[in-house]
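Notes to accompany the following structure.
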Amino acid sequence: MHTTLLYNIGQLLTMDHHNGQAHGKAMQELPVFEDYALFMEDGKVSKVGPSDELEKLQADERVDCEGKLVTPGIVEPHTHLVFGGSREHEMALKQQGVPYLDILAQGGGILSTVKATRETSEEALYEKAMFHLDRMASYGITTVEAKSGYGMDEETELKQLRVAKKAGENHPLDVISTFLGAHAITKEFKENPQALLDEMARLFPIIKEEGLAEFVDIFTEEGVFSVEQSRDYLQKAKEHGFDVKLHADEIVPLGGTELAVELDARSGDHLAVASDEGIQALAKSNTIGVLLPGTIFYLGKGDFARARDMIEAGAAIAISTDFNPGSSVTENIQLIMSLAALKMKMTPEEIWHAVTVNAAHAINRGEEAGQIKVGRNADVVIWDAPNYMYIPYHYGVNHVNTVYKRGKKLYERGSLHG
Ligand code: NIG
Ligand code: FE
C-alpha cells in the first residue's frame, strides 16, 4: 500500500460541489478550501481536510505544498491526437491570408495530414501519440479525448483508433476515443460525398465490436458535410449505440449547434458562429458546448464563441485545445484558459469548471474525472501559483509543479543546473 500526503495547500479546488455538469450561473460557484491537505492511498483520494488535522497522518511520502494551488487533473475533451506529419509549410499560405477552407479545397489542410497519416506506420503513429500525451501530461492534463479522422478509409481510420487504444492502455493518461471518419471529403469521393459517409458508417459495427471508440463525430461545415448529411450519419451512429459529437458552426454558420441539440449530442464543439437560436437551444439542453478559442486565434479569425451569451442563457460550457496539426497546434491547455479569459470573457471560476467537471461530462467521464473526491482516482495537480485566478492571468507558460495520475507522480517541473 502506498500513501501520499499533500499538506499545506494554499488553495484547494475539489470541484466536488456539483452533481452532474455545471450549467450557466452554477459555473460561477467555486468553493475554495484554504490551508487544506489531501491524502492519497493506493491511487485513490482517501481523505480531504484541513491541513492541521491531516498533517498528523503517517504517509510514505509527505509533500509540503508551500501554500500553492492544488486542483483536479485537467480533462481535455477534444483533440486530434493521432496523426502523421505536420503542416508548418502551410504557415506561409495562412500569412498570405488564404482561408482555412480554401487550403482544404485545394487538397491541403486536413487532406495533407490524411496523406501523411496513411503513409505513416502504426508503430510510428503510436510513438508520436505517446510523445504528445507526455506533453499534455506536463501541462496538467490527466484525461484526454482523441479523435481519428485523418484516414477516411477503413485501413487508416482503424489504424488511428487502434493507436489511440494502445496509447491509452500503455500511457498513464486515460484516453477516450472518438471516430471522426467524416472529417473531410477525400478526392476519391469528391463527386459523391454521401458514398464516403456510407463507407464510414459501414465501420460502425466493427468499431463497436472491437471497442475502438465511444463517440462518433462529424465536421458539419460548408464544403464538408451538410446539416442533413450530418443528421442522417449521426442518427445511424446512435442506432449502433454510439454517443455523438459534432464539429459545428466553426467557420460558416450552418445550424450545427441546433443539430447538436436536436440529436442530444454529448457535445457540440467549436460553436464560434452559433446563431442566437442555437445558443438558446443549447442553453435548454444537456449538450455541452466545447469551445475552442485556440482554433479561432490560430486561424486568425475574430469570431470567438459567445461564451458569455451561452453561459448567461444557462448552457454548460467546456473548453479545450483542439490539439491538431492544422487549426490549433498546441497541447498547452493553460494558454487556452488565458484565451478563454481574454477573448471570450469567461471568469476564472467558469474556466475551472470548463476544464474539469464539464470537460469530464463532455466525454462521459463525469463520475470518474474532473473532481477531487474521496474514493475517486487521485488525479491531482500542484501548481506553481498562489491561487486559481493566477493560471489564466499569467499566460503562455507552464505553471505545473507536479502532476499525480492515480496517486503516482507522473510529471514534476525540472530545475535549472549550472
Ligand atoms: O477541429 N475543423 C475540423 N477539424 C479540426 C482541424 C483539423 C486539421 O486542420 O487538421 C478542428 O479545427
Ligand atoms: Fe477539432
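The values are calculated or read from the model by the stated rules, or taken from the named source; none is laboratory data. Fair warning: this is a prediction, and the values are worked out from it, not measured in the lab. Note: ideal-geometry Cβ built from the backbone for every residue, glycine included; neighbour counts use all protein chains shown. Ligands, DNA and RNA are stripped out before the accessible areas are found, and what is left, the full protein with its side chains, is counted by its heavy atoms. Shrake-Rupley method; radii C 1.70, N 1.55, O 1.52, S 1.80 Å.
As an exercise: evaluate Phe304 against (1) in contact (Cβ under 8 Å) with a residue 40 or more places away in the chain; (2) away from ligand 2 (no atom under 15 Å from the Cβ); (3) over 15 Å from Ile251 (Cβ atoms); (4) of a type in the set (A, V, I, L, M, F, W, C) and give the number of the one condition it does not meet.
Unmet condition: (3).
Residue-wise test of (1) among the hydroxyl-bearing types (Ser, Thr, Tyr); (2) farther than 20 Å from Glu221 by Cα; (3) touching a helix residue (DSSP H, G or I) at 6+ places or on another chain (Cβ under 6 Å).
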site	(1), (2), (3)
Leu263	no, no, yes
Ser275	yes, no, no
Ala283	no, yes, yes
Thr287	yes, no, yes
Leu292	no, no, no
Ala313	no, yes, yes
Ala318	no, yes, yes
Val329	no, yes, no
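What's the number of the condition Arg62 fails, among (1) more than 13 Å from ligand 1 (Cβ to nearest atom); (2) at pLDDT below 95?
It is condition (2) that Arg62 fails.
Take the residues in region 284-299 that are without any contact (Cβ under 8 Å) to a residue 40 or more places away in the chain and in a loop (DSSP other than H, G, I, E, B); name whichever of them is farthest from ligand 1 (Cβ to nearest atom).
Lys284
Only one of these is under 22 Å from Ala315 (Cβ atoms), touching a strand residue (DSSP E or B) at 6+ places or on another chain (Cβ under 6 Å) and modelled with pLDDT of 95 or more: Ile363, Ile351. Name it.
Matching residue, one of Ile363, Ile351: Ile363.
In region 231-265, how many residues are out of contact with any Pro (no Cβ under 9 Å at 6 or more places or on another chain) and over 21 Å from Phe304 (Cα atoms)?
Of the residues in that region, 17 qualify.
Among the residues of region 20-29, how many are polar (S, T, N, Q) and open to solvent by 50 Å² or more (accessible area, probe 1.4 Å)?
Going through region 20-29 one residue at a time, the tally reaches 1.
Are there any pairs with C-beta distances below 7 angstrom linking a residue in region 107-132 that is farther than 13 Å from Pro325 by Cα and modelled with pLDDT of 95 or more to a residue that is open to solvent by less than 20 Å² (accessible area, probe 1.4 Å) and of a type in the set (A, V, I, L, M, F, W, C), with the two at least 6 apart or on different chains, and if so which?
Matching pairs, first to second residue: Glu122/Val163; Leu125/Val82; Leu125/Val163; Tyr126/Val163; Tyr126/Ala167; Met130/Ala167.
I need every pair where a residue in region 70-83 that is free of Cβ contacts under 8 Å to residues at least 40 places away in the same chain and within 12 Å of ligand 1 (Cβ to nearest atom) has its Cβ under 9 Å from the Cβ of a residue that is open to solvent by 10 Å² or more (accessible area, probe 1.4 Å) and assigned to a strand (DSSP E or B), sequence separation at least 6 or different chains.
none
For region 98-119, enumerate the residues that are in contact with an Asp or Glu (Cβ under 8 Å, 6 or more places away or on another chain), more than 9 Å from ligand 1 (Cβ to nearest atom) and among the small types (Gly, Ala, Ser).
Gly108 - this is the single residue of region 98-119 that is in contact with an Asp or Glu (Cβ under 8 Å, 6 or more places away or on another chain), more than 9 Å from ligand 1 (Cβ to nearest atom) and among the small types (Gly, Ala, Ser).
Of all residues in region 20-29, which are outside any loop (DSSP other than H, G, I, E, B) and either of a type in the set (Phe, Trp, Tyr) or farther than 16 Å from Gln371 by Cβ (or both)? Step through it out loud before you land on a result.
Going through region 20-29, the residues outside any loop (DSSP other than H, G, I, E, B) turn out to be 24-28.
Listed by number, the residues that qualify are Gly24, Lys25, Gln28.
Can you name every residue in region 386-418 that is more than 19 Å from the chain's Cα centre (by Cα) and in a helix (DSSP H, G or I)?
Within region 386-418, Tyr390, Tyr393 meet the criteria.
Taking region 311-359 as the search range and keeping residues that are without any contact (Cβ under 8 Å) to a residue 60 or more places away in the chain and of a type in the set (Ser, Thr, Tyr), which one is farthest from ligand 2 (Cβ to nearest atom)?
Ser338
Return the pair list, or none, for Cβ contacts closer than 9 Å from residues in region 211-232 that are more than 10 Å from ligand 1 (Cβ to nearest atom) and basic (Lys, Arg) to residues that are modelled with pLDDT of 95 or more and in a helix (DSSP H, G or I), at least 6 apart or on different chains.
Arg231/Leu259; Arg231/Glu262
All but one of (1) more than 30 Å from Pro253 (Cβ to Cβ); (2) open to solvent by 20 Å² or more (accessible area, probe 1.4 Å); (3) within 16 Å of ligand 2 (Cβ to nearest atom) hold for Lys165; which doesn't?
(3)
Considering only region 340-385, state which residues are more than 15 Å from the chain's Cα centre (by Cα) and among the hydroxyl-bearing types (Ser, Thr, Tyr).
Hit for region 340-385 is Thr347, nothing else.
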